[in-house]
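The values are calculated or read from the model by the stated rules, or taken from the named source; none is laboratory data. Small disclaimer: the values here were computed from a predicted structure and weren't measured. Glycine also receives a Cβ, built like all others from the backbone with ideal geometry; neighbour counts cover every protein chain displayed.
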Amino acid sequence: MKKRNARGVTLIELVVAIVVIGISASVILGVLSSNVGASADPMVRQQAVAIARAYIEEILLRNFVDPDGTDGEAARIDFDDVDDYHGLIDTGARDQFGNAIAGLGDYNVAVTVTGSGALPGVPAADALRVDVTVSRAPYLNFTLSGYRTR
């Protein structure tokens, strides 16, 4: 009788293969979970940029000086010149009429308008710097700046 060679895997080989596969799976799942946890970050940043751009555009389209001679209107819908926006703080992003924008309630917006002599060839009295800061707890704080000249 011929003796056949045994085919198959020993118990030790089987245990080693299971350990190697288990370690590989845990490493891959760990990398995937860290990617999934940070996948919303770019969207949150992009929303903050879009909010800041909308506010900057609204503000810079206003007149440099007050057209009706009454400075410091109380309601945002009445703002008619750039410096009326100084000190504006919105909890939740709002449109140009002051209405809350659905889905953007976690963002806070603060506007600062200051005189600036930082532009070459423009007298300091003829330039205003507008800073729009958009924040979202706990880690996002984004500032966009623009200039309005006379």
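Look at region 74-85: where a residue is over 14 Å from Val111 (Cα atoms) and a partner is at pLDDT 90 or above, sitting 6+ places away or on another chain with Cβ atoms under 9 Å, you get Asp78/Asp84; Asp80/Arg62; Asp80/Asn63. In the condition set (1) part of a helix (DSSP H, G or I); (2) more than 28 Å from Pro138 (Cβ to Cβ), Asp71 is compliant with all but (1). Do we find that Ala17 is small (Gly, Ala, Ser) and within 22 Å of Ser135 (Cα to Cα) in this structure? No, not satisfied.
The residue list Phe79, Phe97, Phe64 contains one member that is in contact with a helix residue (DSSP H, G or I) (Cβ under 9 Å, 6 or more places away or on another chain), at pLDDT 85 or above and surrounded by fewer than 12 Cβ atoms within 10 Å (Cβ to Cβ), which is Phe97.
Does Ile28 fit the bill of being over 26 Å from Leu128 (Cβ atoms), β-branched (Val, Ile, Thr) and more than 19 Å from the chain's Cα centre (by Cα)? Don't jump to the end; show me each part of the working.
Details: over 26 Å from Leu128 (Cβ atoms): yes; β-branched (Val, Ile, Thr): yes; more than 19 Å from the chain's Cα centre (by Cα): yes.
Here the answer is yes, as Ile28 does meet what is asked.
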